[in-house]
């Protein structure tokens, strides 16, 4: 099998031992299948304590953000990241909003990868964190380029998400804030734009630069 382009070769002579924690079997088996073509470089390892005193895992995959994400549950999960030491921790999650990525990195994660990644991308991220690099998604705000006149950055972001059709709960999940905070931002947006309904806010956004 040809090596995927752009992926560095393993130098240690043994494949990386990869652990998947706090995930359903479906996810673990999916990771196992993704790594199978590269078994000489990385493979799923069982926590059987049979590695002669070496750490059981070189890299741990975990997702500190529950589905759907909830502020309290997310912070509980973030607090467990450091507990996976001495293994390197690669967050493997569906949620890639910059706020959540930064929270995970601040909590001690060594990298962050979306669950939409391909097998070669997963392998590249695993090897990168072992080399001391920090692979992450694009950390630019999702509303980058949207700067509505008279609104703060967060208010602009909330308005952009409303324009995408998200509910208050979905906006809160995307931004990792409470629903009450979202409601406060929406009231501020309404007050500053002179509207009283969601549809009016969307129409105002289209008149002021929203092209989504």
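Conditions tested, residue by residue: (1) more than 23 Å from residue 136 (Cα to Cα); (2) surrounded by 15 or more Cβ atoms within 10 Å (Cβ to Cβ); (3) at pLDDT below 85.
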residue	(1), (2), (3)
45	yes, yes, no
62	no, yes, no
74	no, yes, yes
79	no, no, yes
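Of all residues in region 81-97, which are over 8 Å from the mean Cα position of the chain (by Cα) and farther than 20 Å from residue 36 by Cα?
81, 82, 83, 84, 85, 86, 87, 88, 89
Taking residue 155, is it exposed (fewer than 14 other Cβ atoms within 10 Å of the Cβ) and at pLDDT 90 or above?
Answer is no for this residue.
Kindly evaluate residue 57 against the criterion of being modelled with pLDDT under 85, buried (at least 19 other Cβ atoms within 10 Å of the Cβ) and in contact with a strand residue (DSSP E or B) (Cβ under 7 Å, 6 or more places away or on another chain).
No; evaluated as a whole, the condition is false for this residue.
Return the residues of region 100-114 that are within 9 Å of the chain's Cα centre (by Cα) and touching a residue at least 60 places away in the same chain (Cβ under 8 Å); say none if nothing qualifies.
100, the sole residue that qualifies.
The values are calculated or read from the model by the stated rules, or taken from the named source; none is laboratory data. Predicted model, so just to flag it, every value in this text is computed and none were measured. Here Cβ is always computed from backbone atoms with ideal geometry, including for glycine, and neighbour counts include all displayed protein chains.
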